[in-house]
Amino acid sequence: MDSSGYNCFVDRDKMDAAIQDLGPKELSCTELQELKQLARQGYWAQSHALRGKVYQRLIRDIPCRTVTPDASVYSDIVGKIVGKHSSSSLPLPEFVDNTQVPIYCLNARGEGAVRKILLCIANQFPDISFCPALPAVVALLLHYSIDEAECFEKACRILACNDPSKKLIDQSFLAFESSCMTFGDLVNKYCQAAHKLMVAVSEDVLQVYSDWQRWLFGELPLNYFARVFDVFLVEGYKVLYRVALAILKFFHKVRAGQPLESDNVKQDIRMFVKDIAKTVSPEKLLEKAFAIRLFSRKEIQLLQMANEKALKQKGITVKQKRQFVHLAVHAENFHSEIVSVKEMRDIWSWVPERFALCQPLLLFSSLQHGYSLSRFYFQCEGHEPTLLLIKTTQKEVCGAYLSTDWSERNKYGGKLSFFGTGECFVFRLQPEVQRYEWVVIKHPELTKPVPCTSSHSSCSDPADRLSPFLAARHFNLPSKTESMFMAGGTDCLIIGGGGGQALYIDGDLNRGRTGHCDTFNNQPLCSENFLIAAVEAWGFQDPDTQ
């Protein structure tokens, strides 16, 4: 490297404009917590030389497989793999899914080097089947490597990480798609205003959220992506979710109330991210990201496992090529006496992503099966989760998403007892749309996770739990009121409790009442005392089982 610290792959003029080399030259701290704070504060962001040293150290410390390709391997194989091709004409590996190599202030030699490194990685990691984030990672690492071989070695260490608690980069379509579903779940819970906008302007909200990694690994300008990568190397995958959520929040703030620039919201978000410097600085982006009070890494990992399991059940495999997954409410085979197709699609966009891929299946209709709570239970038992819809005689519409099979009520010997999990929520559709989720989602300080020990049978297979992310049994709650989700007896059905009930319906499905409850911290969902015109219960049917 020359005196500026930049190597032969970098366009120095562009680099000087992107990142000034003005910061400190050394980093002495070794404690993880201090390192996290320095990364978030951008301690080494203004020093090209120091960032290179920090990357070297952080990547060296990644726990890896016993045999991991190093710089000498690259030197041995690059000539055989590249052959007589010119670097600029080299094809990209299939696993990058036609992803463009980000320029990131690289010159033509640098862009060619990225292609060579990617092909050598494909040779050494035949198990990688889908990894569209890798070109951006390699392009960035090339800035902070002496030569191609060193950059190859760094990328290989990131890919070869074998610490199950430290997920870094998705390397299969199954992992990528479950990450997209998990991101959709997080948007649904933590960015409700932005989610509402996405539902309103997009034909299929799942397709919008499937783009989230592209925002980070490709569209973000170099100085933003480098800041994100600084923290990512210290803290891991959860940082990526945080930053993508922050991007969506800023997008909503800027675009709410304005017409979108195109009829394609995916393209609008990409353009927003590409031009993000017009709106927010890297510091403000990270500040917003870390202000979001996400659940723990372990709980997010459990949610990802559940989403991955749902995809496997649909036949999606590790080796599968890219395919699109859509919301499953279709006009041609949907009919309800209470909601329209559009309203049902809106509700479907609220449910956990692993169920949003299922078709709605009518289980119970008071107009077909009669106004009987016992018949309601009979029709719904064996289905988990279910969706309850109520239309009042005043034409108000409200309901609840219920995570747990109604047969659970039988475990309490006829005594009215609450069950269910924190994925339950209540909502109203008419006269206005409003959703109320578990109070703990917005106030996680109310709980602390329960450590999973071998004495707890429910811990045996986390992926088998219905609601690993928000299940009440994973938390120490200060009182029962925060976990009163659903209860059913012979003479009434109750949703939400503690200081009131979100919904109460009598045994004849004739009368009901609604009010504030501690579980959901909700406003009344309709007139506080109401007469019922119609009740429906819907299940979730996998399209492949029809």
- Which pairs have Cβ atoms under 6 Å, sit 6 or more apart or on different chains, and link a residue in the range 9-28 that is over 18 Å from PHE225 (Cα atoms) and open to solvent by 90 Å² or more (accessible area, probe 1.4 Å) to one that is outside any loop (DSSP other than H, G, I, E, B) and modelled with pLDDT under 65? none
- Note on the structure: Residues of the range 157-178 being at pLDDT 90 or above and of a type in the set (Lys, Arg), in sequence order, are ARG157
- Task: Of all residues in the range 79-98, count the ones that are open to solvent by less than 40 Å² (accessible area, probe 1.4 Å) and touching a Phe, Trp or Tyr at 6+ places or on another chain (Cβ under 8 Å).
- Result: 1
- Can you find even one residue in the range 76-97 that is at negative phi, of a type in the set (S, T, N, Q) and in contact (Cβ under 8 Å) with a residue 40 or more places away in the chain? no
- Residue check for LYS53: surrounded by 13 or more Cβ atoms within 10 Å (Cβ to Cβ), modelled with pLDDT of 90 or more, assigned to a helix (DSSP H, G or I) and basic (Lys, Arg): yes
- Within the set of pairs 6 or more residues apart or between chains, which connect a residue that is under 23 Å from VAL318 (Cβ atoms) inside the range 175-194 to a residue that is among the small types (Gly, Ala, Ser) with Cβ atoms less than 7 Å apart? CYS180/SER210; PHE183/ALA244
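Let's see how each residue does on (1) at pLDDT below 95; (2) over 25 Å from the mean Cα position of the chain (by Cα):
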{"site": "LEU387", "(1), (2)": "no, no"}
{"site": "GLU396", "(1), (2)": "no, yes"}
{"site": "GLU408", "(1), (2)": "yes, yes"}
{"site": "GLY413", "(1), (2)": "yes, yes"}
{"site": "PHE419", "(1), (2)": "yes, yes"}
{"site": "GLN430", "(1), (2)": "yes, yes"}
- Exception for LEU361 within (1) open to solvent by 30 Å² or more (accessible area, probe 1.4 Å); (2) farther than 15 Å from PHE540 by Cβ falls at (2)
- Message: at pLDDT 90 or above, in contact with an Asp or Glu (Cβ under 9 Å, 6 or more places away or on another chain) and open to solvent by 10 Å² or more (accessible area, probe 1.4 Å): is that true of GLN46 in this structure?
- Response: no
- Filter the range 432-452 down to the residues that are among the acidic types (Asp, Glu) and modelled with pLDDT of 75 or more, then identify the one that is most open to solvent (accessible area, probe 1.4 Å). GLU432
- Query: From the list GLN313, GLN267, which one is over 27 Å from TYR55 (Cα atoms), open to solvent by 10 Å² or more (accessible area, probe 1.4 Å), free of Cβ contacts under 8 Å to residues at least 60 places away in the same chain and among the polar types (S, T, N, Q)?
  - Reply: GLN267
- Just to be sure, is LEU402 in contact (Cβ under 8 Å) with a residue 60 or more places away in the chain, open to solvent by 20 Å² or more (accessible area, probe 1.4 Å) and within 25 Å of LEU531 (Cα to Cα)? no
- Scope the range 317-355; condition closer than 30 Å to ASP127 by Cα, at pLDDT 70 or above and surrounded by fewer than 18 Cβ atoms within 10 Å (Cβ to Cβ); matching residues: THR317, VAL318
- Among the residues of the range 270-303, count how many are more than 17 Å from the chain's Cα centre (by Cα), assigned to a loop (DSSP other than H, G, I, E, B) and touching a residue at least 24 places away in the same chain (Cβ under 8 Å). 2
- From GLY414, GLY370, grab the single residue that is small (Gly, Ala, Ser), out of contact with any strand residue (DSSP E or B) (no Cβ under 6 Å at 6 or more places or on another chain) and open to solvent by 60 Å² or more (accessible area, probe 1.4 Å). GLY414
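Conditions (1) on the phi > 0 side of the Ramachandran plot; (2) open to solvent by 10 Å² or more (accessible area, probe 1.4 Å); (3) assigned to a loop (DSSP other than H, G, I, E, B); (4) touching a residue at least 40 places away in the same chain (Cβ under 8 Å), marked per residue:
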| site | (1), (2), (3), (4) |
| --- | --- |
| ALA487 | no, no, no, yes |
| GLY497 | no, no, yes, yes |
| PHE520 | no, no, yes, yes |
| GLN523 | no, yes, yes, yes |
- Note on the structure: Of the listed residues (VAL138, VAL101), the one being modelled with pLDDT of 95 or more, among the β-branched types (Val, Ile, Thr) and out of contact with any strand residue (DSSP E or B) (no Cβ under 6 Å at 6 or more places or on another chain) is VAL138
- Note on the structure: A careful count of residues in the range 99-144 that are in a helix (DSSP H, G or I), open to solvent by 10 Å² or more (accessible area, probe 1.4 Å) and among the small types (Gly, Ala, Ser) gives 2
- Item | Matching option when the condition is closer than 25 Å to ILE121 by Cβ, in contact with a Ser or Thr (Cβ under 8 Å, 6 or more places away or on another chain), touching a residue at least 60 places away in the same chain (Cβ under 8 Å) and surrounded by fewer than 22 Cβ atoms within 10 Å (Cβ to Cβ), among SER172, SER165 | SER172
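The values are calculated or read from the model by the stated rules, or taken from the named source; none is laboratory data. Just so we're clear, the structure is a prediction, and the values are computed from it rather than from any experiment. Neighbour counts are summed over all protein chains in view; Cβ atoms, including those assigned to glycine, are modelled from backbone coordinates with ideal geometry. Quick note on the areas: whole protein, heavy atoms, side chains included, nothing else; ligands and nucleic acids left out. Shrake-Rupley method; radii C 1.70, N 1.55, O 1.52, S 1.80 Å.
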